[in-house]
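Worksheet: the structure to be examined is printed underneath.
Here, each number is a calculation from the coordinates, and none is a lab measurement. Everything numeric here is computed off the predicted structure, so don't read it as measured data. Methodologically, a virtual Cβ is constructed for each residue, glycine included, from the backbone with ideal geometry; neighbour enumeration extends over all protein chains shown.
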Amino acid sequence: MASKRCLVSAAIIIMTEDEDFDLPDEEFSFVTLFAACSDIQEQRKRYKVERFVQDVVSRYSLDTFKTFFRVSKTTFETILENIQHIPELLLREPAAGRPQISHEKDLLMMLWYIGSQETIRSIADRFNVSESTFHSHNRRLLDVFQKYFLQKFVIWPNDVQTVNNEFEIKKNFPGVIGAIDSTHIRVKPPSGHSNDYFNRKKFHSVILQAVCRGDKRFTDIFCGWPGRVHDARVFQNSPLRQRGPILCGQCHLLGDGAYPCKRWLITPYRNRGNLTRDQIKFNQILSSTRVIIENSFGILKGRFRRLQFVEMNDISYVVKAIITACILHNICILNQDELDEHFDNDPQQVPLIIPMFENDAEGQLKRQLLTRQLAIT
């Protein structure tokens, strides 16, 4: 009887709130209420796809597979081969009980998550697992990618001359080992720290600082600082700030005006209306060479669409999801796996903020020498 009362109450509430629900008084009976409530319950029922991987994914064409999982079938198989023997992912010996989730299904679930903005609930239903199972398996793979693949696929170049040539062939800027910049990844802010993550572009974010080479592979990434922090402060606290002089040697990174000018990090002249023709030309060439890092961010967010907004309660796993996307980005480039989808990384025109740290003498001298060299090209 109690359950009937609940059904009647629910139906009455729904019908009184629904302007389109109009029923003659003589037909307004318990049977009608029960039928209406049952129909609503049916609509809200969750439908899981029992054999999505076996019966649906297995029939995808190569193009359809890439559309949904954001990597080619060949790249997928390469990654799958790499995770098969990782200790944390070893399958237990077959025994009675619920069947184990295969490595293939694990990886497909994670790629679907990284490559879309679909809800966790919807992804779990699609792959016929509970939400808690999806969360635990997804987090386990994110842990594995950071632990085993970060230092394998996001590496500083040892083919220095090749990288120099990749950049010089674009706009004749010599000695470049990489381009550096930061981008904001939209996130759900951690509870109690909303203001820390609210950036100058008026949304909540964490910051991804990255260096890329001429083929758009990331060679250094540093992620996790709240969006309110200035790019220069993030740089100052990154490992690259300490290791940069050794890593770059006689070469240099190219950065924008948010960074300090150093011997190993060249930035544009600050324009106060008094730049010479050669300095203006230098700034133009630097900017058109350095833009490759912005293109890399656009490709990253266009391909792995979860990075357009990451909604996780645990900020550490937000960071791991971003890092995993960067690793996948590099793996795709190495596999010549292109996807022509670019996300407009920074649609808002935000005024350049004055750098927080002063240029050093060595950096300014090197910039002057480069300015003279580029003036005659």
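Treating each Cα of the stretch 146-264 as one equal point scatterer and applying the Debye formula with no solvent, the log10 of I(q)/I(0) at q = 0.15, 0.20, 0.21, 0.22 Å⁻¹ comes out as -0.72, -1.10, -1.17, -1.23. Placing a pseudo-label 7 Å from each Cα along the Cα-to-Cβ vector at SER136 and LYS73 gives an inter-label distance of 3.3 nm. Once the Cα-Cα distance is subtracted from the 0.36 nm per residue extended length, the ARG200 to LEU89 segment shows a gain of 35.9 nm. When a/c reaches 1.5 or more, the comparison of a/b and b/c decides; with that in mind, is the stretch 216-307 rounded, prolate or oblate per its Cα gyration tensor? Prolate is the answer for the stretch 216-307, as a/c is 1.5 or above and a/b outweighs b/c. Model label points for GLN100 and LYS152, set 7 angstrom from Cα along the Cα-to-Cβ axis, are 1.9 nm apart. Using the Cβ-Cβ distance between LEU80 and ARG243 with R0 set to 35 Å, the FRET efficiency works out to roughly 0.60. Estimated at 0.36 nm per residue, the fully extended path between ASP314 and GLU358 surpasses their Cα-Cα distance by 12.3 nm. In this rough spin-label picture, where each label sits 7 Å from Cα along the Cβ direction, the SER288-GLN336 distance is 2.9 nm.
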